[in-house]
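Before any comments, here is the structure.
The values are calculated or read from the model by the stated rules, or taken from the named source; none is laboratory data. Quick caveat: nothing in here was measured; it's all calculated off a predicted structure. Because the Cβ atoms are built from the backbone with ideal geometry, glycine has one as well, and the counts that use them run over all protein chains shown.
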Amino acid sequence: MKPHNHYPKDPFNHTVYKEKDKILLHLSNDSMNNILIQHSDTREYIYPIARNQIFLKFALYSSPGAIVKITYWKRFEDERISVQPLANFHLEGLSPYYYTQLTFSESTRYLLYFFTVTIADHSYYYSPLGLTEKKPDQYFQYQYTNENDVYQIPSWSQGKVGYHIFVDRFMNGDPNNDVAEKVSWDSLPSRTNFFGGDLKGIIQKLDYLQDLQIATVILSPIFVSPSNHKYDTIDYFHIDPSFGTIEDLRTLVRGAHQRNIKVILDGVFNHIGYYSLIFQDVITHGESSQYWDWFYIHGSKVDTEFVNYECVGDYKWMPKLRYSSSSLREYILSIGKYWIEVADIDGWRLDVADEVDFTFWQRFRQEIKKIRSDTLLVGETWKDGRDLLRGDEMDTIMNYRFRTNVVSFLGGGSLDVKSFQHQMEEMIFNYPSPVHHHLYNLLSSHDTSRIMTALNNNIKRVKQAIVLLMTYPGMPIIFYGDEMGMEGETDPDCRKTMCWSTARSSIEAFTRRMIDIRNTSLSLQKGSMMHLNIGKSIYCFMRKLDDEWMLIMINPTDIDEQLDIHVSDLCLETLPQSHDASMVVSVRGHESMLIHGSFVKGTINEVRFL
Ligand SMILES: [Ca+2]
């Protein structure tokens with residue numbers, strides 16, 4: 001490992017390893033029992049990213065700075081053995097997370113491999129036999145890469161900025177379609193009131209979205225429903241009349257496409273609305289209804305008073321759908337296809353995706369991608385989303401883990417710099433590498449408090465959260481109005497009407513500046529990411545693409561930090577001395593900084609105080 005003398009090194013901190021620590025602490029100090037490893041030759045740890053390319057992950061909870069190498073060969077060619085070191089998520093090798101990519105001249109097949117772990121000049125081997133001091137005689141295996149084994153995610157969404165609209169609250173473009181009980185635009189939202197927002201309103205604001213440099217718009221549900229949120233669908237084949245018509249949707253999508261903006265609709269397929277004709281038919285006809293087996297009903301007829309049917313969150317207005325029914329599967333598939341065919345939409349956000357029969361999502365993906373292979377499928381989940389991201393269900397997931405970590409870190413929660421760094425590394429390590437630049441990263445949604453409120457209206461911290469959103473791998477998604485600095489507790493307060501103020505707040509100017517930085521930097525959109533230790537308490541990471549690098553530094557304390565930056569310290573390879581530009585910078589308390597440069601030229605091109 002290359003020495004990095006310019007930065008004080010933080011001692012390796014085991015306390016960030018939570019449960020795993022407890023194991024480590026109880027073991028002796030000087031044996032290989034101190035090493036905890038995660039790797040198996042299963043899809044979670046080894047998977048194809050092209051027919052001739054595999055990605056491989058390895059976690060090692062041990063002393064910092066261990067060197068991990070993979071030794072691999074083709075089963076029939078054991079005279080041609082290759083050895084490759086694994087990369088680490090931390091520039092100085094301080095992360096427990098390692099990875100590498102192996103490329104072959106033919107499709108990957110019949111691979112055998114084991115690992116060598118070197119800690120303080122002592123080498124161990126890791127194979128299906130576990131950790132051994134002697135070279136193993138059993139090996140991990142990778143069998144074969146078929147075409148459909150390879151992750152395939154639409155490239156258009158890679159690293160692009162999205163905008164999430166709650167339709168009733170964004171813009172009222174047509175007062176004629178408002179519901180009778182509509183309240184005035186400046187009223188406070190309740191769970192039941194309506195404000196008149198609609199598709200025409202979004203059409204009127206397409207120029208605004210284009211000016212904001214948005215690449216994708218994600219709409220809350222728009223199909224017929226009695227509620228303002230429309231998560232209790234009555235008719236999936238028609239747009240709610242208070243939101244507009246199919247022609248309005250077509251106009252919206254056409255106008256968006258003309259501005260290079262994609263449109264994603266919200267598919268609420270886990271459950272249906274109580275007032276749908278389908279559920280009403282079951283209430284009326286009981287077991288003789290053709291839809292009887294679309295629901296989980298305990299008894300021979302629906303009891304609406306004592307609710308003898310399964311529903312979402314035990315909420316009787318949203319009966320849960322039962323995907324073992326083949327006619328239900330065909331029905332929902334036909335909806336998924338219909339809106340792509342008739343309105344040319346670009347993707348589906350799939351509501352509570354982690355509660356739906358996974359075999360249905362596999363089928364849904366196959367059928368949808370047959371119609372248009374670049375349709376984006378985004379699954380809603382609040383937990384670790386790996387189950388949805390094996391390549392056969394969702395393209396990406398709503399990354400609430402990102403928000404939770406950021407709010408805890410910047411909002412004075414339990415994550416300090418070190419533990420935040422670990423949480424973020426774990427998050428990225430967990431998710432398959434082809435998904436990284438598509439992660440639906442968010443700071444707020446219709447189901448959370450707004451970031452402004454979550455961070456106690458502390459403008460400096462909100463700006464730091466925006467810096468993280470706009471510089472992290474993934475798709476930064478702005479919840480409508482967050483760019484204006486709107487406030488709001490969780491639902492329904494976070495669903496206030498859009499503030500169409502003409503005066504530009506400092507948050508708006510800042511958000512626009514960060515979007516611009518994002519959109520003009522390929523390394524932010526699709527570069528690799530690596531953590532660094534800089535200064536005493538700075539959170540720092542580098543995004544890198546080819547020879548371009550970008551350093552992002554967040555100072556979470558109120559103490560200014562003076563830093564001595566040398567290009568040679570940011571690079572794993574040795575740079576010629578003439579290429580080692582350096583500079584001293586000061587990252588002010590609760591502020592952020594971004595430095596941009598080139599390795600080939602050895603230059604620091606630009607420093608921005610954020
Ligand atoms: Ca309206």
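Things to note:
- The conditions of being closer than 15 Å to Val378 by Cβ and either touching a Cys at 6+ places or on another chain (Cβ under 7 Å) or not in a strand (DSSP E or B) (or both) are not met by His422.
- Among the conditions (1) assigned to a helix (DSSP H, G or I); (2) free of Cβ contacts under 8 Å to residues at least 12 places away in the same chain, the only one that Gly299 does not satisfy is (1).
- Condition check for Cys540 on (1) surrounded by 21 or more Cβ atoms within 10 Å (Cβ to Cβ); (2) touching a residue at least 24 places away in the same chain (Cβ under 8 Å): one failure, at (2).
Condition check ((1) over 21 Å from the mean Cα position of the chain (by Cα); (2) of a type outside the set (Phe, Trp, Tyr); (3) part of a helix (DSSP H, G or I)) across all residues:
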{"site": "His446", "(1), (2), (3)": "no, yes, no"}
{"site": "Lys460", "(1), (2), (3)": "yes, yes, yes"}
{"site": "Gln464", "(1), (2), (3)": "no, yes, yes"}
{"site": "Thr490", "(1), (2), (3)": "no, yes, no"}
{"site": "Gln525", "(1), (2), (3)": "no, yes, yes"}
{"site": "Arg543", "(1), (2), (3)": "no, yes, no"}
{"site": "Trp549", "(1), (2), (3)": "yes, no, no"}
{"site": "Thr557", "(1), (2), (3)": "yes, yes, no"}
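- Reported count of residues in region 559-582, each being in a loop (DSSP other than H, G, I, E, B) and among the polar types (S, T, N, Q), is 1.
- Search result, residues across region 181-225 that are basic (Lys, Arg) and either under 28 Å from Arg512 (Cβ atoms) or more than 30 Å from the chain's Cα centre (by Cα) (or both): Lys182, Lys200, Lys205
- Which listed residue, of Glu561, Glu591, is out of contact with any Asp or Glu (no Cβ under 9 Å at 6 or more places or on another chain) and not assigned by TED's automatic domain parsing to the domain that holds Phe429: Glu561
- Residues of region 209-248 that are of a type in the set (Asp, Glu) and farther than 16 Å from Gly336 by Cα: Asp211, Asp232, Asp240, Glu247, Asp248.
Rundown of residues vs (1) modelled with pLDDT of 95 or more; (2) more than 29 Å from Gln152 (Cβ to Cβ), yes/no style:
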position	(1), (2)
Ile37	no, yes
Thr42	yes, no
Tyr47	yes, no
Asn52	yes, no
Lys57	yes, no
Leu60	no, yes
Ser63	no, yes
Lys69	yes, yes
Trp73	yes, no
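- The one condition in (1) among the aliphatic types (A, V, I, L, M); (2) exposed (fewer than 15 other Cβ atoms within 10 Å of the Cβ); (3) touching a Lys or Arg at 6+ places or on another chain (Cβ under 7 Å) that Leu129 fails to fulfil: (3)
Yes or no, residue by residue, for (1) under 17 Å from Gln525 (Cα atoms); (2) of a type outside the set (A, V, I, L, M, F, W, C); (3) in the same structural domain as Leu532 (by TED's automatic domain parsing):
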| position | (1), (2), (3) |
| --- | --- |
| Gly391 | no, yes, no |
| Met394 | no, no, no |
| Asn405 | no, yes, no |
| Phe409 | no, no, no |
| Ser414 | no, yes, no |
| Phe420 | no, no, no |
| Gln423 | no, yes, no |
| Met427 | no, no, no |
| Leu439 | yes, no, no |
